[in-house]
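Before any comments, here is the structure.
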Amino acid sequence: MAKNQFNAWEPVLDGLEGNFQAEPRVFAHDAKAIVIGAINTSAGDGGVSELISGGTGYAVSSGAATTGGAGTGLTVNILTVDTGVITSFEVSAVGSGYVVGNTITISTGGANATFTITNIDIPNTQKRGCCVYVGAGGNMSVIMESGSSAIQFTGLSSGTFLPILIKRVTAATATDLIALY
């Protein structure tokens with residue numbers, strides 16, 4: 001048997017359109033808990049915009065609290081500062097319950113540096129969506145891989161595996177949701 005007879009797994013997935021051999025996924029290779037409204041730090045922009053305002057009175061720090069928006073628990077690391085003005089930052093804790101477009105304020109310093117939430121999709125779904133395991137039953141509203149508007153799945157039973165490809169869970173009464181990649 002030739003060494004290259006079988007495809008090796010690659011982290012880059014190709015589409016299945018018209019080609020059954022183009023890496024169909026039958027088994028998951030990774031699993032992560034789904035947190036509704038968490039910042040998607042795997043997005044190209046880290047899930048947040050550039051600073052709208054760098055504010056005043058800041059110093060380099062880790063785990064700086066934030067305010068604003070619909071969610072809670074988002075913290076940032078302030079990476080660089082120029083005479084009290086933030087010049088770069090990154091998300092340190094992704095929080096939950098946020099909505100794209102929320103304006104967030106960094107609470108430390110002068111509490112006047114702001115940025116916007118740009119992506120709350122499930123991490124690592126930029127190219128291919130993920131399947132879902134439902135730990136505790138209920139309903140779930142999702143954005144499918146195609147990016148179309150939210151669709152609701154109702155009456156999901158505990159222990160259900162949904163072989164659908166989604167990018168985001170927008171609302172759920174079902175709990176213990178796990179993304180399967």
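The numbers here are math on the coordinates, done by the rules we state, and not lab data. In this text, all values refer to a predicted model and were calculated from it rather than measured experimentally. For neighbour counting, all protein chains shown are included, and Cβ atoms are generated from backbone atoms with ideal geometry for every residue, glycine included.
Miscellaneous remarks
- Taking trypsin sites (Lys or Arg not before Pro) across the stretch 84-176, the ones in a DSSP loop with at most 15 further Cβ atoms lying within 10 angstrom of their Cβ are Lys127.
- Calculated translational diffusion coefficient of the stretch 61-116 (10 °C, 1.306 mPa s; Stokes-Einstein with Kirkwood radius over alpha-carbon pairs) equals 141 µm²/s.
- Cα convex hull of the chain - mean projected area over all directions, nm²: 13.0 nm²
- Evaluating 6.51 cos²θ - 1.76 cosθ + 1.60 at θ = phi - 60° for every residue in the stretch 45-59, the Karplus couplings come out as 9, x, x, 9, 7, 5, 4, 6, 9, x, x, 9, x, 9, 9 Hz, glycine and proline recorded as x.
- Here the contact order of the chain, divided by its residue count and restricted to Cα pairs under 8 Å and six or more residues apart, works out to 22 percent.
- In the stretch 121-181, inverting the average of 1/r over every pair of distinct C-alpha atoms gives 11.2 Å as the Kirkwood radius.
- Highest-first arrangement of 115-122, 156-163, 170-177, where packing means the average Cβ count within 10 Å: 115-122, 170-177, 156-163
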